[in-house]
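The values are calculated or read from the model by the stated rules, or taken from the named source; none is laboratory data. What you are looking at is a predicted structure, and each value in this text was computed from that prediction instead of being measured. Cβ placement follows ideal geometry from the backbone for every residue including glycine, while neighbour counts extend to all protein chains displayed.
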Amino acid sequence: MPRLAKVPTPPPAGYLWTPEAARRIGLSVKTLWNYRHLGKGPKAEPIGRKLAYRITELDAWLRAEMESQPDRGSSHESRPPEPRAARRKPAPRESADAEELDAVA
């Protein structure tokens, strides 16, 4: 008996599955999963065994991310801090060593 072709189930109206959601906001699927795990990405809802993202939620999250970017025209210090100066060992004092040797002899 032949098997039925696997046709992906379309998401509910107003939702996108994870791969389409990632493409819509310009992230990889893995990054979107990581953001969800960290709690800093758009909110997802489980539908069956899959995660679905509301299109309005994706657009709102993307808009908020774009607004939180710093102004390109604003000035800021992007140069890393200067490295610490290397500590040098003090040079041996030859005169003190000669005085100590004279005192011992």
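Things worth noting here:
- Filtering the stretch 24-39 to residues that are among the basic types (Lys, Arg) and closer than 17 Å to ASP59 by Cα leaves ARG24, ARG36.
- Hey, ALA44 surrounded by 15 or more Cβ atoms within 10 Å (Cβ to Cβ) and among the hydrophobic types (A, V, I, L, M, F, W, C) or not: yes
- Complete set of residues in the stretch 43-70 that are more than 15 Å from ARG23 (Cβ to Cβ) and of a type in the set (D, E, K, R): LYS43, GLU45, ARG49, LYS50, ARG54, GLU57, ARG63, GLU65, GLU67
- Those residues of the stretch 13-25 which are touching a residue at least 24 places away in the same chain (Cβ under 8 Å) and loosely packed, with under 13 Cβ neighbours inside 10 Å, in sequence order: GLY14
- Taken over the stretch 31-40, the residue count meeting the criterion of being under 12 Å from the mean Cα position of the chain (by Cα) and loosely packed, with under 13 Cβ neighbours inside 10 Å is 2.
- Filter result for ALA52 (crowded, with 17+ Cβ neighbours inside 10 Å and either of a type in the set (Asp, Glu) or within 24 Å of SER68 (Cβ to Cβ) (or both)): no
- Of the strands (runs of 3 or more DSSP E) lying entirely inside the stretch 14-57, those carrying at least 2 residues that are modelled with pLDDT of 95 or more are 15-17, 50-54.
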